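Data first, discussion second: the structure below is written as structure tokens.
The values are calculated or read from the model by the stated rules, or taken from the named source; none is laboratory data. Here the structure is a predicted model, which means the values were calculated and not measured. Neighbour counts are summed over all protein chains in view; Cβ atoms, including those assigned to glycine, are modelled from backbone coordinates with ideal geometry. For the accessible areas, the whole protein counts, side chains as well, though only heavy atoms, and no ligand, DNA or RNA atoms are used. Shrake-Rupley method; radii C 1.70, N 1.55, O 1.52, S 1.80 Å.
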Amino acid sequence: MSNRAGNRAEPSDLVDLTALLDAYYDVAPDPSNIAQRVAFGTSGHRGSSLNGAFNERHIAAITQAIVEYRTSAGITGPLFMGKDTHALSEPAQNTALEVLAANGVNVLIDARNGFTPTPAVSHAILKYNASRTDQADGIVVTPSHNPPADGGFKYNPPTGGPAGSDITNWVADRANQLLEAGLEGVKRIPLGEARLADSVGTYDFLQNYVQDLPSVLNLDAIRSAGLHIGADPLGGASVDYWGAIAEAHQLNLSVVNPNVDPQWAFMTLDWDEKIRMDCSSPYAMASLIARADQYDIATGNDADADRHGIVTPDGGLMNPNHYLATAIDYLYRNRSGWSSDAMVGKTLVSSSMIDRVTADLGRVLMEVPVGFKWFVPGLLSGETAFGGEESAGASFLRLDGSPWSTDKDGILLALLASEMTAVTGKTPSQRYRELTSRFGDPEYARVDAPATREQKAALAKLSPSDVTATTLAGEDITARLTEAPGNGAPIGGLKVTTENAWFAARPSGTEDVYKIYAESFKGEEHLHQVQAEAKAIVDGVIS
């Protein structure tokens, strides 16, 4: 960790916006270079124009591929499109608009020509599809919490949530074919013509989202309690939403920092000296943490507001795992409109404190691989009332048990912290300490270990029988998993559990490392032992 972590960015840390935007248009990616091809991760295609990974040609090709996918899937409703505050987001949205209009797609962009959080796009898709047969879908132009030099482009099908790998693989393959063909087959018209096209309209994302919040949250309790809330958009797409929420619902809420700056010069540096709008990082959130005592609850969001950070005056920035467990415990005890059979969803690298809370609630746990897409079917059907990731992303059902969003909603989870405080009289961090007094206090960490491309491929293809170890850090191994127990989907790695600990190992998609997530209910020293033995186990089977 850098000794500058948590300090304000200096001029030398800032991206050159002119160079960044020029590169978007001027750099032609080389499809023979794997680093410059279209590749969809868990949240779309991401990269920087400066290294040929996110350029005009990428977006034109991806958008044409999405058009062709929509046609093959029979999707005939409007396509809702939003963008965040990254510098590359507006030019990328413009490129997409040129392609969509040329193809005659009915596309709806923000009525205020403003920024649109990811959850507002998901909410719009679900709202439209609830009463129509011509199903809608969406595009969000965002690299989420990534640094200012990055751009991102993700597709949400009519389910409203992140597209599954069956869709993203098809779109990526077709987009790369178009790149290889020099964009032959991509239909496109000039931006001015596209904006005037009959197929291009507007949608008031902000109004529809903000006015609908009472259907999913107990805002009356927050208002009656008079809590002073501090909301920091971290320069992201939620910037106008927080003020509108305060005004529409008469909340004592202050927008801590209303600045929008594509260089993010006001940010404090993350652990590695990068500017990263990660609201779960104490270094990126240092400015808000320093003001924690000024608010009853303070919250942060990343650039597209699909993640949440919760800051309390008594506990500072909450660990995302701690808040997920606390939110689950509160929600399932305070949502009488939810089905008594509705499951709790978590990713397999989230804290097993959630397992203990879920068991205490008498609910079924649905444990899935990493990626919010795995929660979409359950949230859409109501079979899963809450889905959450260890990386501070979650969503849950409306008060009546119907779907609110099937993508992560950082605004929703931030407001839930205030509802929880208003209803119980205790902050989420105080509530979490109550949980640890009942279920134990786990230690959780993630570390990286070096691995070659071949070793990463071997890790992704492991079977449980490849692991011959019978104990882990002095405890008998109770499970060896290469498929998620909640849905049987491959986890692309390995998870090993004992009575009081577990580890999971997954290959990195961008670096020559694999990630080891580990947790122990027996203290920090035991956690270190789990990590060391986990590395030995994994290295033994992939080498």
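Among the listed pairs Lys127/Lys373; Lys83/Lys274; Lys346/Lys426; Lys154/Lys461; Lys154/Lys426; Lys154/Lys535, give every one whose C-alpha distance is greater than 30 Å.
Lys154/Lys426; Lys154/Lys535
Taking the C-alpha atoms of the range 219-297, how large are the radius of gyration and the largest Cα-Cα span, Dmax, in Å?
For the range 219-297, the Cα radius of gyration and maximum Cα-Cα distance read 13.6, 42 Å.
Stokes-Einstein at 25 °C, 0.890 mPa s, Kirkwood radius from Cα pairs: D for the range 270-400 in µm² s⁻¹?
159
Per the helix-only calculation at 222 nm, which mean residue ellipticity applies to the chain, given -39500 (n - 2.57) for every DSSP H run of n ≥ 4 and division by its residues, nearest 500 deg cm²/dmol?
Helix-only estimate at 222 nm: -10500 deg cm²/dmol.
Please provide three numbers in whole Å: the alpha-carbon extents of the chain along the principal axes, with the largest listed first.
That works out to 66, 60, 51 Å along the principal axes.
Leaving out ligands, DNA and RNA but keeping every protein chain, what accessible area does Thr498 have, in Å² rounded to the nearest 10, with a 1.4 Å probe?
Around 10 Å² of this residue is reachable by solvent.
Under a crude label model (7 Å from the Cα following the beta-carbon direction), how far is Met1 from Thr471 in nanometres?
It is 3.3 nm.
Heavy atoms only, 1.4 Å probe, whole protein assembly: order Arg276, Arg8 by accessible area, highest first.
Sorted by accessible area, descending: Arg8, Arg276.
Tell me the net charge near Val530. Cut-off is 11 Å between Cβ atoms, Val530 excluded, with +1 for each Lys or Arg and -1 for each Asp or Glu.
-4
For the range 1-133, what percent of Cα pairs sit more than 24 Å apart?
41
In Å, what is the Rg of the alpha-carbon atoms in the range 50-192, and how long is Dmax?
14.1, 44
Eigenvalues of the Cα gyration tensor times 5, then square-rooted: what semi-axes does that give for the range 193-253, in whole angstrom, largest first?
30, 14, 7
Of the listed peptides 114-127, 484-497, 47-60, what is their order by residue-averaged count of other C-beta atoms within 10 Å, with the highest listed first?
Descending packing order for the listed peptides: 114-127, 47-60, 484-497.
Can you work out the FRET efficiency for the pair Arg291 and Leu361, with r the C-beta to C-beta distance and R0 = 41 Å, to the nearest 0.05?
The computed FRET efficiency comes out at 0.75.
Given the protein chains as shown and a 1.4 Å probe, how many square angstrom of Arg363 are accessible, to the nearest 10?
40
Please provide three numbers in whole Å: the alpha-carbon extents of the range 86-151 along the principal axes, with the largest listed first.
Dimensions of the range 86-151 along the principal axes of its Cα atoms: 40, 27, 19 Å.
Taking the DSSP beta bridges in the chain as the whole, what percent of them are antiparallel, to the nearest 5?
Percentage antiparallel, nearest 5: 65.
Please compute the contact order of the range 78-148 in relative form: average sequence separation of alpha-carbon pairs under 8 Å and at least six residues apart, divided by the residue count, as a percent.
51
Considering the alpha-carbon set of the range 1-54 alone, what are its Rg and its Dmax in angstrom?
Radius of gyration, then largest Cα-Cα span, for the range 1-54: 14.6, 40 Å.
From the gyration tensor of the Cα coordinates in the range 344-476, what semi-axes in whole Å does the equivalent ellipsoid have, largest first, with each one equal to sqrt(5λ)?
Ellipsoid half-lengths, sorted descending, are 31, 21, 15 Å.
So for the range 92-188, taking the charge dipole from beta-carbon charges (+1 Lys/Arg, -1 Asp/Glu), which of Thr168, Asn156, Ala181 sits furthest toward the positive end?
After comparing all options, I get Asn156.
Work out the P(r) tail for the range 132-249: percent of alpha carbon pairs separated by more than 18 Å, whole number.
Tail fraction, whole percent: 73.
What number in nm² do you get for the range 73-124 if you take the convex hull of its Cα atoms and divide its surface by four?
The number I arrive at for the range 73-124 is 4.0 nm².
Does the range 142-186 come out rounded, prolate or oblate, given a ≥ b ≥ c as the square roots of the eigenvalues of its C-alpha gyration tensor, rounded meaning a/c under 1.5 and, failing that, prolate meaning a/b above b/c?
Verdict is oblate for the range 142-186.
Calculated FRET efficiency, Glu454 and Asp212, Cβ-Cβ r, R0 51 Å, to nearest 0.05?
Given R0 = 51 Å and the Cβ-Cβ separation, E is 0.55.
Under a crude label model (7 Å from the Cα following the beta-carbon direction), how far is Glu383 from Asp400 in nanometres?
Between Glu383 and Asp400, the simple spin-label model gives 2.3 nm.
Starting from the exponent 0.38 and prefactor 2.2 Å, build the expected Rg for the range 445-543 from its residue count and divide its actual Cα Rg by it.
0.99
Rounded, prolate or oblate: pick one for the range 323-406, where a ≥ b ≥ c are the square roots of the eigenvalues of its C-alpha gyration tensor, a/c under 1.5 means rounded, and failing that, prolate if a/b is larger than b/c, else oblate.
oblate
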